[in-house]
Amino acid sequence: MKTKWGVLGAGGIARRRTIPEGILRAWNAELVAVYDINPAANQAVAKEFGATACAGEEELLKSDCDIVYVATPADQHYAQVERAAKAGKHILCEKPLGMTVQEAEQMVLLCRDRGVKLGVGFMMRFHAYHQAALKMIREGELGTPVLGRAQLSCWYPPIEGAWRQDPAKGGGGSLMDMGGHCIDLLEMFLGPARKVSCLIGNLVHGYASEDTAVVLLEFESGAKGIVDNLFNVPDAASRNRLELYGSRGSILAEGTIGQGEAGDMVAYIEGEDKGYEAQQERAQSGTQRIAPPPVNMYRAEVEAFAQAVLDNTDPPVDGEIGLWSQRVLFACYQSAGTGNTISLGG
(Lines give C-alpha, C1' and ligand atoms only; values in the text may rest on other atoms or scores of the structure.)
Protein backbone atom coordinates (compact mmCIF):
# COMPACT_ATOMS: atom_id res chain seq x y z
CA MET A 1 0.00 0.00 0.00
CA LYS A 2 1.24 3.47 -0.86
CA THR A 3 0.63 6.83 0.70
CA LYS A 4 -0.22 9.72 -1.63
CA TRP A 5 1.90 12.86 -1.31
CA GLY A 6 1.29 16.50 -2.15
CA VAL A 7 4.14 19.02 -2.07
CA LEU A 8 3.91 22.68 -1.05
CA GLY A 9 6.99 24.52 -2.28
CA ALA A 10 7.81 22.24 -5.19
CA GLY A 11 11.00 24.07 -6.19
CA GLY A 12 14.17 24.18 -4.12
CA ILE A 13 15.02 21.18 -1.95
CA ALA A 14 11.83 19.38 -2.96
CA ARG A 15 12.76 19.42 -6.63
CA ARG A 16 16.49 18.78 -6.07
CA ARG A 17 16.27 16.04 -3.48
CA THR A 18 13.05 15.08 -1.71
CA ILE A 19 10.85 14.36 -4.72
CA PRO A 20 13.31 12.51 -7.02
CA GLU A 21 15.32 10.76 -4.29
CA GLY A 22 12.65 10.39 -1.64
CA ILE A 23 9.02 10.31 -2.72
CA LEU A 24 9.55 8.76 -6.15
CA ARG A 25 11.89 6.04 -4.89
CA ALA A 26 10.05 5.19 -1.68
CA TRP A 27 8.24 1.86 -1.89
CA ASN A 28 5.30 3.17 0.18
CA ALA A 29 4.81 6.63 -1.39
CA GLU A 30 3.68 8.21 -4.63
CA LEU A 31 3.56 11.83 -5.74
CA VAL A 32 0.12 13.05 -6.79
CA ALA A 33 0.10 16.86 -6.56
CA VAL A 34 2.46 19.84 -6.35
CA TYR A 35 2.15 23.56 -5.84
CA ASP A 36 4.78 26.28 -6.00
CA ILE A 37 4.26 30.02 -5.91
CA ASN A 38 6.41 30.23 -9.05
CA PRO A 39 4.07 29.13 -11.89
CA ALA A 40 6.90 28.12 -14.22
CA ALA A 41 8.58 25.99 -11.57
CA ASN A 42 5.22 24.50 -10.62
CA GLN A 43 4.48 23.37 -14.16
CA ALA A 44 8.03 22.14 -14.72
CA VAL A 45 8.08 20.02 -11.54
CA ALA A 46 4.67 18.54 -12.29
CA LYS A 47 5.72 17.61 -15.82
CA GLU A 48 9.09 16.25 -14.75
CA PHE A 49 7.70 14.00 -12.04
CA GLY A 50 4.25 13.13 -13.38
CA ALA A 51 2.10 14.97 -10.85
CA THR A 52 -0.84 17.36 -11.00
CA ALA A 53 0.20 21.03 -11.00
CA CYS A 54 -2.28 22.65 -8.64
CA ALA A 55 -3.33 26.24 -9.25
CA GLY A 56 -3.09 27.03 -5.55
CA GLU A 57 -2.66 25.65 -2.07
CA GLU A 58 -6.40 25.15 -1.63
CA GLU A 59 -6.56 22.88 -4.69
CA LEU A 60 -3.69 20.79 -3.35
CA LEU A 61 -5.36 20.42 0.05
CA LYS A 62 -8.58 19.29 -1.66
CA SER A 63 -6.70 16.62 -3.62
CA ASP A 64 -6.62 12.97 -2.58
CA CYS A 65 -3.15 13.23 -1.05
CA ASP A 66 -2.72 11.65 2.39
CA ILE A 67 0.46 13.54 3.27
CA VAL A 68 1.53 17.11 2.61
CA TYR A 69 5.25 17.79 2.44
CA VAL A 70 5.90 21.44 3.37
CA ALA A 71 9.10 22.70 1.75
CA THR A 72 8.43 26.43 1.62
CA PRO A 73 10.37 29.26 3.35
CA ALA A 74 10.22 29.05 7.13
CA ASP A 75 7.85 31.99 7.55
CA GLN A 76 5.18 30.02 5.67
CA HIS A 77 5.39 26.83 7.75
CA TYR A 78 3.02 27.71 10.57
CA ALA A 79 0.09 28.80 8.42
CA GLN A 80 0.53 25.99 5.90
CA VAL A 81 0.78 23.29 8.56
CA GLU A 82 -2.31 24.74 10.22
CA ARG A 83 -4.32 24.64 6.99
CA ALA A 84 -3.08 21.17 6.08
CA ALA A 85 -3.98 19.82 9.52
CA LYS A 86 -7.45 21.32 9.31
CA ALA A 87 -7.82 19.62 5.93
CA GLY A 88 -7.05 16.29 7.63
CA LYS A 89 -3.66 15.78 6.00
CA HIS A 90 -0.63 14.27 7.69
CA ILE A 91 2.36 16.61 7.41
CA LEU A 92 6.10 16.28 6.92
CA CYS A 93 7.45 19.80 7.45
CA GLU A 94 10.96 20.94 6.68
CA LYS A 95 12.75 22.46 9.64
CA PRO A 96 12.54 24.87 11.33
CA LEU A 97 9.11 24.09 12.71
CA GLY A 98 7.74 27.61 12.38
CA MET A 99 9.49 30.87 13.18
CA THR A 100 9.21 30.80 16.96
CA VAL A 101 8.85 28.39 19.86
CA GLN A 102 5.25 29.53 20.21
CA GLU A 103 4.46 28.70 16.59
CA ALA A 104 6.07 25.28 16.97
CA GLU A 105 4.02 24.61 20.11
CA GLN A 106 0.80 25.52 18.31
CA MET A 107 1.69 23.33 15.32
CA VAL A 108 2.27 20.31 17.56
CA LEU A 109 -0.96 20.91 19.51
CA LEU A 110 -3.06 21.50 16.40
CA CYS A 111 -1.86 18.32 14.69
CA ARG A 112 -2.49 16.35 17.87
CA ASP A 113 -6.00 17.79 18.23
CA ARG A 114 -6.80 17.08 14.58
CA GLY A 115 -5.46 13.52 14.79
CA VAL A 116 -2.87 13.99 12.06
CA LYS A 117 0.80 13.10 12.22
CA LEU A 118 3.50 15.76 12.16
CA GLY A 119 7.06 14.99 11.15
CA VAL A 120 10.09 17.28 10.79
CA GLY A 121 12.77 17.09 8.10
CA PHE A 122 15.89 16.16 10.05
CA MET A 123 16.92 13.73 7.34
CA MET A 124 20.55 13.50 8.50
CA ARG A 125 19.41 11.22 11.32
CA PHE A 126 18.84 8.55 8.66
CA HIS A 127 22.39 8.63 7.21
CA ALA A 128 23.80 5.09 7.38
CA TYR A 129 27.07 6.29 8.92
CA HIS A 130 25.24 8.27 11.61
CA GLN A 131 23.11 5.25 12.45
CA ALA A 132 26.23 3.09 12.67
CA ALA A 133 27.86 5.57 15.03
CA LEU A 134 24.70 5.73 17.14
CA LYS A 135 24.68 1.94 17.45
CA MET A 136 28.28 1.94 18.64
CA ILE A 137 27.53 4.59 21.26
CA ARG A 138 24.42 2.79 22.50
CA GLU A 139 26.35 -0.46 22.78
CA GLY A 140 28.98 1.27 24.92
CA GLU A 141 31.90 0.95 22.50
CA LEU A 142 32.82 4.60 22.99
CA GLY A 143 32.74 4.27 26.77
CA THR A 144 31.45 7.38 28.52
CA PRO A 145 30.71 10.01 25.83
CA VAL A 146 32.52 13.24 26.66
CA LEU A 147 32.50 15.50 23.58
CA GLY A 148 30.86 15.87 20.20
CA ARG A 149 31.51 18.28 17.35
CA ALA A 150 29.38 18.86 14.26
CA GLN A 151 30.37 21.20 11.44
CA LEU A 152 28.36 22.27 8.40
CA SER A 153 29.42 25.18 6.23
CA CYS A 154 29.09 26.46 2.68
CA TRP A 155 29.70 29.49 0.48
CA TYR A 156 26.42 31.44 0.40
CA PRO A 157 26.97 34.90 -1.12
CA PRO A 158 24.27 37.57 -1.26
CA ILE A 159 21.43 36.51 -3.57
CA GLU A 160 18.48 38.76 -4.28
CA GLY A 161 15.32 37.35 -2.68
CA ALA A 162 17.12 34.51 -0.84
CA TRP A 163 14.91 33.88 2.18
CA ARG A 164 17.67 32.30 4.27
CA GLN A 165 19.48 35.65 4.15
CA ASP A 166 16.49 37.46 5.66
CA PRO A 167 15.70 36.56 9.30
CA ALA A 168 12.13 37.77 8.82
CA LYS A 169 11.61 34.92 6.35
CA GLY A 170 14.02 32.25 7.54
CA GLY A 171 14.24 32.92 11.25
CA GLY A 172 18.02 33.25 11.09
CA GLY A 173 21.06 32.50 8.98
CA SER A 174 23.75 29.85 9.21
CA LEU A 175 22.73 28.83 12.73
CA MET A 176 19.04 28.39 11.95
CA ASP A 177 19.60 26.82 8.54
CA MET A 178 22.53 24.49 9.22
CA GLY A 179 23.03 24.61 12.97
CA GLY A 180 19.61 23.08 13.55
CA HIS A 181 20.78 19.91 11.78
CA CYS A 182 24.11 19.82 13.63
CA ILE A 183 22.61 20.33 17.08
CA ASP A 184 19.94 17.73 16.37
CA LEU A 185 22.62 15.19 15.39
CA LEU A 186 24.65 15.77 18.53
CA GLU A 187 21.51 15.41 20.64
CA MET A 188 20.74 12.13 18.87
CA PHE A 189 24.19 10.88 19.88
CA LEU A 190 24.61 12.51 23.29
CA GLY A 191 21.12 13.28 24.58
CA PRO A 192 19.23 16.55 25.16
CA ALA A 193 21.12 19.80 25.62
CA ARG A 194 20.74 21.56 28.96
CA LYS A 195 22.96 24.63 28.46
CA VAL A 196 24.06 26.60 25.40
CA SER A 197 26.45 29.47 24.75
CA CYS A 198 26.49 31.00 21.30
CA LEU A 199 28.36 33.58 19.22
CA ILE A 200 27.09 34.80 15.84
CA GLY A 201 28.12 37.53 13.43
CA ASN A 202 28.61 38.70 9.86
CA LEU A 203 32.27 38.54 8.92
CA VAL A 204 32.03 38.43 5.12
CA HIS A 205 28.49 38.96 3.83
CA GLY A 206 26.37 42.02 4.47
CA TYR A 207 22.91 40.48 4.54
CA ALA A 208 20.71 40.61 7.63
CA SER A 209 21.07 36.96 8.69
CA GLU A 210 24.28 35.79 10.36
CA ASP A 211 26.97 34.22 8.19
CA THR A 212 28.95 32.89 11.19
CA ALA A 213 27.79 30.86 14.18
CA VAL A 214 29.51 28.85 16.89
CA VAL A 215 27.65 27.07 19.70
CA LEU A 216 28.96 25.42 22.85
CA LEU A 217 26.57 22.92 24.42
CA GLU A 218 26.35 20.94 27.62
CA PHE A 219 24.14 17.88 27.49
CA GLU A 220 22.12 16.37 30.32
CA SER A 221 24.72 13.62 30.63
CA GLY A 222 27.39 16.23 31.26
CA ALA A 223 29.02 15.66 27.87
CA LYS A 224 29.99 18.78 25.94
CA GLY A 225 29.41 19.79 22.34
CA ILE A 226 30.67 22.19 19.68
CA VAL A 227 28.72 23.23 16.59
CA ASP A 228 30.14 25.56 13.94
CA ASN A 229 28.26 26.81 10.90
CA LEU A 230 29.53 29.23 8.29
CA PHE A 231 27.98 30.77 5.18
CA ASN A 232 31.31 32.41 4.31
CA VAL A 233 33.91 29.78 3.39
CA PRO A 234 34.29 28.00 0.02
CA ASP A 235 32.45 24.68 -0.13
CA ALA A 236 35.60 22.63 -0.70
CA ALA A 237 37.40 24.33 2.20
CA SER A 238 35.07 22.95 4.86
CA ARG A 239 35.16 19.20 5.44
CA ASN A 240 31.85 19.09 7.34
CA ARG A 241 33.34 17.09 10.18
CA LEU A 242 31.61 15.00 12.80
CA GLU A 243 33.70 14.09 15.85
CA LEU A 244 32.52 11.98 18.77
CA TYR A 245 34.84 11.30 21.71
CA GLY A 246 34.48 9.00 24.70
CA SER A 247 36.49 7.41 27.46
CA ARG A 248 37.33 4.41 25.24
CA GLY A 249 37.91 6.08 21.90
CA SER A 250 36.56 8.23 19.12
CA ILE A 251 34.43 8.19 15.98
CA LEU A 252 35.59 10.67 13.33
CA ALA A 253 33.85 11.47 10.05
CA GLU A 254 34.09 13.83 7.10
CA GLY A 255 31.38 14.56 4.59
CA THR A 256 28.56 12.67 6.29
CA ILE A 257 26.90 15.91 7.42
CA GLY A 258 25.16 17.37 4.39
CA GLN A 259 22.71 16.29 1.72
CA GLY A 260 24.59 13.29 0.30
CA GLU A 261 24.70 9.66 1.41
CA ALA A 262 28.48 9.20 1.23
CA GLY A 263 31.36 10.32 3.43
CA ASP A 264 34.22 8.80 5.35
CA MET A 265 34.12 7.52 8.95
CA VAL A 266 36.69 5.82 11.16
CA ALA A 267 36.73 4.77 14.80
CA TYR A 268 39.53 4.24 17.26
CA ILE A 269 38.34 2.10 20.16
CA GLU A 270 40.40 0.93 23.15
CA GLY A 271 39.52 -2.59 24.14
CA GLU A 272 40.34 -2.05 27.79
CA ASP A 273 41.27 0.70 30.22
CA LYS A 274 44.92 1.72 30.18
CA GLY A 275 47.11 3.55 32.61
CA TYR A 276 48.62 6.94 32.02
CA GLU A 277 51.17 6.98 29.17
CA ALA A 278 53.59 9.88 29.53
CA GLN A 279 54.75 9.65 25.90
CA GLN A 280 51.18 10.14 24.65
CA GLU A 281 51.99 8.48 21.35
CA ARG A 282 49.30 8.60 18.68
CA ALA A 283 49.58 5.11 17.20
CA GLN A 284 47.33 4.33 14.24
CA SER A 285 46.81 0.69 15.17
CA GLY A 286 43.29 -0.12 16.27
CA THR A 287 41.65 2.21 13.78
CA GLN A 288 38.63 0.69 12.10
CA ARG A 289 36.81 2.02 9.07
CA ILE A 290 33.05 2.30 9.39
CA ALA A 291 31.43 1.79 6.00
CA PRO A 292 27.86 0.47 6.13
CA PRO A 293 25.91 0.15 2.88
CA PRO A 294 24.82 3.67 1.85
CA VAL A 295 21.25 4.77 2.49
CA ASN A 296 19.58 7.65 0.70
CA MET A 297 18.47 9.89 3.56
CA TYR A 298 15.53 11.40 1.71
CA ARG A 299 14.14 8.03 0.72
CA ALA A 300 14.60 6.73 4.27
CA GLU A 301 12.93 9.81 5.71
CA VAL A 302 9.94 9.55 3.38
CA GLU A 303 9.55 5.80 3.90
CA ALA A 304 9.72 6.14 7.69
CA PHE A 305 7.07 8.86 7.80
CA ALA A 306 4.85 7.09 5.27
CA GLN A 307 5.05 3.85 7.24
CA ALA A 308 4.09 5.66 10.44
CA VAL A 309 0.97 6.89 8.64
CA LEU A 310 0.17 3.42 7.28
CA ASP A 311 0.74 1.74 10.66
CA ASN A 312 -0.78 4.56 12.71
CA THR A 313 2.37 4.84 14.82
CA ASP A 314 4.44 7.83 15.92
CA PRO A 315 6.87 9.14 13.29
CA PRO A 316 10.51 8.55 14.29
CA VAL A 317 11.25 12.28 13.90
CA ASP A 318 8.05 13.87 15.14
CA GLY A 319 6.79 17.33 15.97
CA GLU A 320 8.08 17.16 19.53
CA ILE A 321 11.63 16.86 18.16
CA GLY A 322 11.00 19.89 15.95
CA LEU A 323 9.62 21.82 18.92
CA TRP A 324 12.63 20.98 21.06
CA SER A 325 14.94 22.08 18.24
CA GLN A 326 13.21 25.46 18.22
CA ARG A 327 13.67 25.76 21.99
CA VAL A 328 17.39 25.07 21.68
CA LEU A 329 17.86 27.42 18.73
CA PHE A 330 15.94 30.20 20.51
CA ALA A 331 18.24 29.73 23.50
CA CYS A 332 21.26 30.00 21.19
CA TYR A 333 20.06 33.30 19.73
CA GLN A 334 19.22 34.52 23.23
CA SER A 335 22.76 33.68 24.31
CA ALA A 336 24.23 35.44 21.28
CA GLY A 337 22.17 38.54 22.05
CA THR A 338 22.95 38.71 25.76
CA GLY A 339 26.39 37.16 26.02
CA ASN A 340 25.10 34.75 28.65
CA THR A 341 24.97 30.99 28.88
CA ILE A 342 21.33 29.93 28.66
CA SER A 343 19.88 26.96 30.54
CA LEU A 344 17.16 24.87 28.91
CA GLY A 345 14.17 23.47 30.74
CA GLY A 346 12.78 19.98 30.22
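The values are calculated or read from the model by the stated rules, or taken from the named source; none is laboratory data. A quick note: this is a predicted structure, and the numbers were derived from the prediction, not measured. Every residue, glycine as well, gets a Cβ built from its backbone with ideal geometry; the counts of neighbours run over all protein chains shown.
Hey, can you tell me all the residues within the range 13-72 that are touching a Cys at 6+ places or on another chain (Cβ under 6 Å) and among the small types (Gly, Ala, Ser)?
As a first pass, look at the range 13-72 and keep what is touching a Cys at 6+ places or on another chain (Cβ under 6 Å): 32-33, 35, 60, 70.
Matches in the range 13-72: Ala33 only.
Just give me the residues in the range 148-169 being surrounded by 17 or more Cβ atoms within 10 Å (Cβ to Cβ) and under 28 Å from Glu243 (Cα atoms), in sequence order.
Selection gives Gly148, Arg149, Ala150, Gln151, Leu152, Ser153, Cys154, Tyr156, Arg164.
Is it true that some residue in the range 132-140 is surrounded by 24 or more Cβ atoms within 10 Å (Cβ to Cβ), under 26 Å from Glu210 (Cα atoms), touching a Phe, Trp or Tyr at 6+ places or on another chain (Cβ under 9 Å) and of a type outside the set (Ser, Thr, Tyr)? Steps first, please.
Filtering the range 132-140 down to residues surrounded by 24 or more Cβ atoms within 10 Å (Cβ to Cβ) leaves 133.
From what is left, the residues that are under 26 Å from Glu210 (Cα atoms) are none.
So far as the range 132-140 goes, no, none of its residues is surrounded by 24 or more Cβ atoms within 10 Å (Cβ to Cβ), under 26 Å from Glu210 (Cα atoms), touching a Phe, Trp or Tyr at 6+ places or on another chain (Cβ under 9 Å) and of a type outside the set (Ser, Thr, Tyr).
Does the range 291-335 hold any residues that are among the aliphatic types (A, V, I, L, M) and surrounded by fewer than 19 Cβ atoms within 10 Å (Cβ to Cβ), and which are they? Please lay out each step first, then the result.
Of the residues in the range 291-335, the ones among the aliphatic types (A, V, I, L, M) are 291, 295, 297, 300, 302, 304, 306, 308-310, 317, 321, 323, 328-329, 331.
Result: Ala291, Val295, Leu310.
In the range 193-207, which residue that is more than 11 Å from Leu230 (Cα to Cα) and touching a Gly at 6+ places or on another chain (Cβ under 8 Å) is surrounded by the fewest Cβ atoms within 10 Å (Cβ to Cβ)?
Going through the qualifying residues, I end up with Tyr207.
Here's a check for you: in the range 82-110, which residue that is over 17 Å from Gly6 (Cα atoms) and touching a strand residue (DSSP E or B) at 6+ places or on another chain (Cβ under 8 Å) is surrounded by the most Cβ atoms within 10 Å (Cβ to Cβ)? Reasoning before the result, please.
Step one: list which residues in the range 82-110 are over 17 Å from Gly6 (Cα atoms), which gives 95-110.
Add one more test, that the residue is touching a strand residue (DSSP E or B) at 6+ places or on another chain (Cβ under 8 Å), and what stays is 95, 97, 107-108.
Details: Lys95: 24, Leu97: 31, Met107: 27, Val108: 21.
Step by step, filter the range 82-110, then rank; the result is Leu97.
Conditions (1) modelled with pLDDT under 95; (2) β-branched (Val, Ile, Thr); (3) outside the structural domain of Ile23 (by TED's automatic domain parsing); (4) more than 21 Å from the chain's Cα centre (by Cα), marked per residue:
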position	(1), (2), (3), (4)
Met265	no, no, yes, no
Glu270	yes, no, yes, yes
Tyr276	yes, no, yes, yes
Gln279	yes, no, yes, yes
Gln284	yes, no, yes, yes
Ile290	no, yes, yes, yes
Phe305	no, no, no, no
Ala308	no, no, no, no
Asp311	no, no, no, yes
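Being farther than 25 Å from Glu103 by Cβ and of a type outside the set (A, V, I, L, M, F, W, C) is the filter here, so list the residues in the range 162-196 that pass it. Before the answer, list the steps.
Initial filter on the range 162-196 (farther than 25 Å from Glu103 by Cβ): 189-191.
If the condition is that a residue be farther than 25 Å from Glu103 by Cβ and of a type outside the set (A, V, I, L, M, F, W, C), then Gly191 is the only one that fits.
Yes/no matrix, rows are residues, columns are (1) within 17 Å of Pro315 (Cβ to Cβ); (2) at pLDDT 95 or above; (3) not aromatic (Phe, Trp, Tyr):
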{"position": "Glu30", "(1), (2), (3)": "no, yes, yes"}
{"position": "Val34", "(1), (2), (3)": "no, yes, yes"}
{"position": "Ala46", "(1), (2), (3)": "no, yes, yes"}
{"position": "Ala55", "(1), (2), (3)": "no, yes, yes"}
{"position": "Tyr69", "(1), (2), (3)": "yes, yes, no"}
{"position": "Ala74", "(1), (2), (3)": "no, yes, yes"}
{"position": "Tyr78", "(1), (2), (3)": "no, yes, no"}
{"position": "Arg83", "(1), (2), (3)": "no, yes, yes"}
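For the range 48-79, what are the residues that are in contact with an Asp or Glu (Cβ under 7 Å, 6 or more places away or on another chain) and either free of Cβ contacts under 8 Å to residues at least 12 places away in the same chain or assigned to a helix (DSSP H, G or I) (or both)? Explain how you work it out, then say what you get.
First, pick out the residues of the range 48-79 that are in contact with an Asp or Glu (Cβ under 7 Å, 6 or more places away or on another chain): 70-71, 78.
Residue satisfying the conditions is Tyr78 alone.
May I ask you to list the residues in the range 216-242 that are of a type in the set (A, V, I, L, M, F, W, C) and exposed (fewer than 14 other Cβ atoms within 10 Å of the Cβ)?
Within the range 216-242, the first condition is being of a type in the set (A, V, I, L, M, F, W, C), and the residues that meet it are 216-217, 219, 223, 226-227, 230-231, 233, 236-237, 242.
Once the filter is applied, which keeps residues that are of a type in the set (A, V, I, L, M, F, W, C) and exposed (fewer than 14 other Cβ atoms within 10 Å of the Cβ), the range 216-242 yields Ala236, Ala237.
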